[in-house]
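Trainee: The structure is given below, and queries will be raised subsequently.
The values are calculated or read from the model by the stated rules, or taken from the named source; none is laboratory data. Keep in mind that what you see is a predicted model, and the values were worked out from it rather than measured. Using ideal geometry, Cβ is built from the backbone for each residue, glycine included, and neighbour counts are taken over all protein chains shown. Calculation scope for accessible area: heavy atoms of the full protein, side chains included, ligands and nucleic acids excluded. Shrake-Rupley method; radii C 1.70, N 1.55, O 1.52, S 1.80 Å.
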Amino acid sequence: MSEARLIDGKAFAAGLRARVGEGVAVLAAKGVAKPGLATVLVGADPASQVYVRSKGKTAAELGMASFDHRLPPETTEDELLELIGRLNKDASVNGILVQLPLPKQIDTARVLLAIDPAKDVDGFHPINVGRLGSIAPGAPLDFPVPCTPLGCSMLLADALGSLSGRNAVIVGRSNLVGRPVAQLLLRADCTVTIGHSRTRDLPALCRTADILVVAIGRPEFVKGDWIKSGAAVIDVGINRVPAAEEGKTRLVGDVAFAEAMGVAGHITPVPGGVGPMTVACLMYNTLQAARRTAGLPFVAV
């Protein structure tokens, strides 16, 4: 069998960002205020700082308004909730993103619950989680959906066309990726199974998958002989491991990529696969939130 075809998330994300930019221009032509994205970062975690800076930069490039809120690590829960309350009432803000994880003195669940569901562009509010869990097959996603799972579903649809009837196995059951990906693939008429650390004979389950989505957070955990010939593999993992050169590190996914390339039909690389889709889908969600605020119908871009 020939090598797997790479699913180029970087290229797809660039196209999605361009379409979002066109959507922002459409709003401007209608006299609608530019979409506004507020990001909130508590503390000074270097990785979180990079992510938040990237989100603000991308929003500005697409013609959106970006509101960056940096709070010290000792910020109290009440202080953060007060800020979220102000952002909920601010008409210039269409999307609110609170960067996770939060310091230990802050109850993450309470913070996510405080965000206006209409402005919850991360898709983590219980109301939006419930909407995704109860959506009918094929129904429009006219509410915020978690960005990384949404990106996974977009890449699969672009690579494979119709997903109807395919067997999908999700490795990982987190609320951030595994469960929402499963809901999105059910909406696309897949037959979905979720595997996890307690699954009996996980390799055998993976071999049943036409679509294999791996989000377990363990470097190169899924081996090539776990993969069904011709399957589409979406590797959500991003793990930093030692490189051959002393003192250096490299990024790998949750799938043993070199092994998988000889078996899979399609596969996302790490980096350059799912990662770029997360910020692009955040911009997509922010545009849709602005359209809803303006009373305009949902339009997929």
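Trainee: How much area per residue is accessible in region 70-221 when the probe is 1.4 Å and only protein heavy atoms are counted (Å²)? Display every interim value, and only then the final one.
Mentor: On the way: 6980 Å² over 152 residues.
On a per-residue basis, region 70-221 sits at 46 Å².
Trainee: Over its Cα atoms, what ratio of radius of gyration to 2.2 N^0.38 Å does region 162-301 give?
Mentor: Normalised by 2.2 N^0.38 Å, the Cα Rg of region 162-301 equals 1.17.
Trainee: Please identify the GluC sites (Glu not before Pro) of region 68-163 that satisfy two criteria: DSSP loop assignment and at most 13 other Cβ atoms within 10 Å. Which are they?
Mentor: GLU74
Trainee: Taking LYS104 as the anchor, which aspartates and glutamates have their alpha carbon closer than 17 Å to its alpha carbon, excluding any fewer than eight residues away along the same chain?
Mentor: Leaving aside aspartates and glutamates fewer than 8 places away in the same chain, those within reach of LYS104 are ASP45, GLU74, GLU77, ASP78, GLU79.
Trainee: How large is the Rg to Rh ratio of the chain when both quantities use alpha carbon positions and Rh follows Kirkwood?
Mentor: Radius of gyration over Kirkwood radius for the chain works out to 0.97.
Trainee: Rounded to a whole number, what % of the accessible area of the chain do carbon and sulfur atoms account for, probe 1.4 Å?
Mentor: Accessible surface attributable to carbon and sulfur in the chain totals 55 percent.
Trainee: Where the centroid of each part is defined by its Cα atoms, how far is region 251-289 from region 93-126 in Å?
Mentor: Here the two parts' Cα centres lie 24 Å apart.
Trainee: Charges at C-beta only: +1 for Lys and Arg, -1 for Asp and Glu. How large is the resulting dipole of region 245-301 about its Cα centre, in Debye rounded to 20?
Mentor: Roughly 440 debye, rounded to the nearest 20.
Trainee: Which value in nm describes the separation of the simple spin-label points at ALA25 and ASP45, placed 7 Å from the Cα toward the beta carbon?
Mentor: Distance between the two pseudo-spin positions: 3.7 nm.
Trainee: What aspartates and glutamates sit close enough to LYS228 to cross-link, taking a C-alpha to C-alpha distance under 13 Å and skipping anything fewer than 8 places away on the same chain?
Mentor: Within the straight-line cut-off, LYS228 pairs with ASP210, GLU259.
Trainee: I would also like to ask the following. Please give the calculated 222 nm ellipticity per residue for the chain, where each DSSP H segment of at least 4 residues contributes -39500 (n - 2.57) and the sum is spread over every residue; nearest 500 deg cm²/dmol? Please list the in-between numbers first.
Mentor: Details: 10 runs with 119 residues, N = 301.
Here the helix-only value at 222 nm equals -12000 deg cm²/dmol.
Trainee: So what is the relative contact order for the chain, in percent, with contacts set as C-alpha pairs under 8 Å and at least six apart?
Mentor: 23 percent
Trainee: In addition: Do any of LYS10/LYS89; LYS55/LYS89; LYS57/LYS119 go past 29 Å between their Cα atoms, and which?
Mentor: Going by Cα-Cα distance, LYS10/LYS89 fall outside the 29 Å limit.
Trainee: Further question: Output the lone cysteines of the chain: those with no second cysteine's C-beta under 4.7 Å from their C-beta.
Mentor: Singleton cysteines: CYS152, CYS190, CYS206.
Trainee: So, one more: Taking 2.2 N^0.38 Å as the expected size of a compact globular protein, what ratio does the Cα radius of gyration of region 28-179 give against it, to two decimals?
Mentor: Ratio of Rg to 2.2 N^0.38 Å for region 28-179: 1.14.
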